[in-house]
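Here the structure comes first, spelled out in structure tokens, and everything after it is commentary.
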Amino acid sequence: MKTKTLLLICLLLGIGLTQLSGQDGPNSKNGNGSDSYWMVWGFYSDMACNGQWVDYVEGDLYWHIVDHYKDGIYQWTIMEGTGVLQSAITGEVFTIHELDKWWTPVSSEWTCNTFLKGDQGNHYMISWLFDGENWHVTKFGCPGNEMNKGKK
């Protein structure tokens, strides 16, 4: 319920921010402000815990994307993705929430923070960095996973 409330608040803030009076109208690409839109993209990824491969998940994410412009020049994008993924190994179903910030073409950096919660007790937290050429997992956590319980 907290997740749904947070997502609803983010959605309403996103809609509200695109309607601020200081903007140059609904098409901010010609002035200052933000453009907001939705997309569906597939998500697939290997999962690792303690440096060991444990799973592979895939599914679709529904993305709310906000592009920001200043004086008609693109500045950055914030992307929030939610959806349901399934493990190709165990069949476990995961809810996913991802929050990305993309500065391209201002720079070649793109940061992603991904959180997955499974219906069989597994949790994954991933921090990604895209440097313009490669994806790098900068942090991968598996807090409270069923597979880790009872192991030291």
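Just so it is clear, none of the values below were taken in a lab; they were calculated from the coordinates. The structure presented is a predicted model; accordingly, all values stated were derived computationally and were not measured. Reconstructed Cβ throughout: ideal geometry from the backbone, glycine too, with neighbour counts over all protein chains shown.
Remarks
- Stretched out straight at 0.36 nm per residue, the stretch from Asp46 to Ser127 would grow longer than its current Cα-Cα span by 27.8 nm.
- Of the residues Ile65, Ile96, Ile89, the one with the fewest other Cβ atoms within 10 Å heads the list, and the complete ranking is Ile89, Ile65, Ile96.
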